[in-house]
Every structure is written in structure tokens, then in C-alpha cells.
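Participant: Could you have a look at this structure, given as C-alpha cells, before my questions?
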Amino acid sequence: MINAKGKVHKFGDNVDTDVIIPARYLNTASHKELAAHCMEDIDKEFVNNVSEGDIMVATKNFGCGSSREHAPIAIKASGISCVIASSFARIFYRNAINIGLPILECPEAAEAINNGDIVSVDYDTGVITDETTGKTFQGEPFPEFIQNIIQKGGLINSIK
């Protein structure tokens, strides 16, 4: 499976779907348009600072709030390759897998990793390495069926 490596964009607890993609932008189906407004209510410069392959890290209850798929779509379309958090809202977790956005729960990594650090993730083993500090963390690796969904770009593509 493809692994992730990138610069970290760090957020705190209870980042809800209204912060990830504000409701005023939900009238578009364009992934590019959603990405252009990703995180703007919590970090106005996020879209200017994110690069393809970067990693988002947050603490508890990431993706809480409404069950809209727009939130993981906006994150993925912004260039984020993986989200690491202490915990995820369950519907966000499922929506992320459904659209092929890799997400890992690892409380130790979520607490220790800092904004701007360079982090790599091995999806097969679940090992998260903060290359800036040299620390490693053990996340839960994806089961084979979820790896298949992510590799194919989402649930619909994996079924086809």
C-alpha cells in the first residue's frame, strides 16, 4: 500500500465538520471548490500552506458534528494524504474510508506531534514516525479490506 509522508497541520479537540467545510459552501459538488475553503474558519491560511501529501493531525473527536461527506472530501481534495487523531467521530471515520482518505487513530502520536513536523506513516504496519523528532508511534494498521478501499480511491471504486 502507498504510504504517506508530509508536513503536519495540527488541530485540537472537537474539530467539527462545520469547521472543516463551512455550511455556506455545501451548495457545490466541486471537490476543488470544497478544498479552496477547507478549514478556513479555524485557519485562514490553511489552503495557502497545505501541499500535496501533507498530513493533518488533531486530538480528540475529530470530525464531530453533521454526517456530511463534504468534510473528508474537502480534506482529501486540499492535498492532505492522511489524518491522524486521538479519536474520530464514527460517521466521519466511515465517510473518510468511503472516499478513500486514510485516517489513523493514535492518541500518543496526536498529542506528541507538532505543527510543521515532518511525519511519515506506514499503512501496512501502522507505524507513525515523526521524522522531525525521531519518535515513533504505533497506530492501528488498516485491515486488508480497508487498504483495498483506500488504494482504489474509495468504496464505490473498490466495488467496481
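The values are calculated or read from the model by the stated rules, or taken from the named source; none is laboratory data. Owing to the predicted nature of the structure, the values given are computational and were not obtained by experimental measurement. Neighbour counts are summed over all protein chains in view; Cβ atoms, including those assigned to glycine, are modelled from backbone coordinates with ideal geometry. For the accessible areas, the whole protein counts, side chains as well, though only heavy atoms, and no ligand, DNA or RNA atoms are used. Shrake-Rupley method; radii C 1.70, N 1.55, O 1.52, S 1.80 Å.
Participant: So what is the diffusion coefficient of segment 44-115 in µm² per second by Stokes-Einstein at 10 °C and 1.306 mPa s, using a Kirkwood Rh over Cα pairs? Kindly include the intermediate steps, with their values, before the conclusion.
Facilitator: Working: Rh = 12.3 Å.
Diffusion coefficient, whole number: 130 µm²/s.
Participant: Ratio to report: Rg/Rh of segment 1-60, with Cα atoms as the point set and Rh obtained by the Kirkwood method; give two decimals. Don't skip to the answer; put the middle values down first.
Facilitator: Numbers: Rg = 12.3 Å, Rh = 12.5 Å.
On the Cα set of segment 1-60, Rg over Rh gives 0.98.
Participant: Suppose we take every Cα in the chain and form the convex hull; what volume per residue is that in Å³?
Facilitator: Numbers: hull volume 15.3 nm³, N = 160.
Spelled out: Cα convex hull of the chain, divided by residues, is 96 Å³.
Participant: Sticking with this one: How much net charge surrounds Lys60 when only other residues with a Cβ under 15 Å from its Cβ are counted (Lys, Arg +1; Asp, Glu -1)?
Facilitator: On the way: positive: Lys10, Arg90; negative: Asp13, Asp16, Glu105, Glu108, Glu111.
Combined, the nearby Lys, Arg, Asp and Glu give -3.
Participant: Can you compute 3J(HN,Hα) from phi for each residue in segment 104-113, using the Karplus curve 6.51 cos²θ - 1.76 cosθ + 1.60 with θ = phi - 60°, rounded to whole Hz and x for Gly and Pro?
Facilitator: For segment 104-113, the Karplus-derived couplings read 10, 8, 7, x, 5, 5, 4, 6, 7, 6 Hz, x marking Gly and Pro.
Participant: Using only alpha carbon pairs under 8 Å that are at least six residues apart, calculate the relative contact order of the chain and give it in whole percent.
Facilitator: Reported relative contact order: 24 percent.
Participant: Here are some pairs, Lys7/Lys60; Lys5/Lys44; Lys5/Lys160; Lys32/Lys152; Lys60/Lys160; which of them have Cα atoms lying more than 27 Å apart in this structure?
Facilitator: Details: Lys7/Lys60 20 Å; Lys5/Lys44 23 Å; Lys5/Lys160 29 Å; Lys32/Lys152 20 Å; Lys60/Lys160 34 Å.
Violating the 27 Å Cα-Cα cut-off are Lys5/Lys160; Lys60/Lys160.
Participant: If only Cα atoms are counted, what is the Rg of segment 102-160, and what is its Dmax, in Å?
Facilitator: That works out to 13.2, 42 Å for Rg and Dmax.
Participant: Something else about it: Could you order the peptides 116-125, 87-96 from most to least packed, using the average number of other C-beta atoms within 10 Å per residue?
Facilitator: On the way: 116-125: 16.7, 87-96: 20.2.
Descending packing order for the listed peptides: 87-96, 116-125.
Participant: Which one, Thr132, Thr17, Thr59, has the greatest fluctuation when you compute a Gaussian network model over the chain with C-alpha springs under 10 angstrom?
Facilitator: Thr132
Participant: In a Gaussian network model over the chain where Cα atoms closer than 10 Å are linked, find which of Ile97, Ile149, Ile42 has the largest mean-square fluctuation.
Facilitator: Ile42
Participant: Skip the ligands, DNA and RNA, and give the accessible area per residue of the chain with a 1.4 Å probe, whole Å².
Facilitator: Numbers: 7440 Å² over 160 residues.
Accessible area per residue, the chain: 46 Å².
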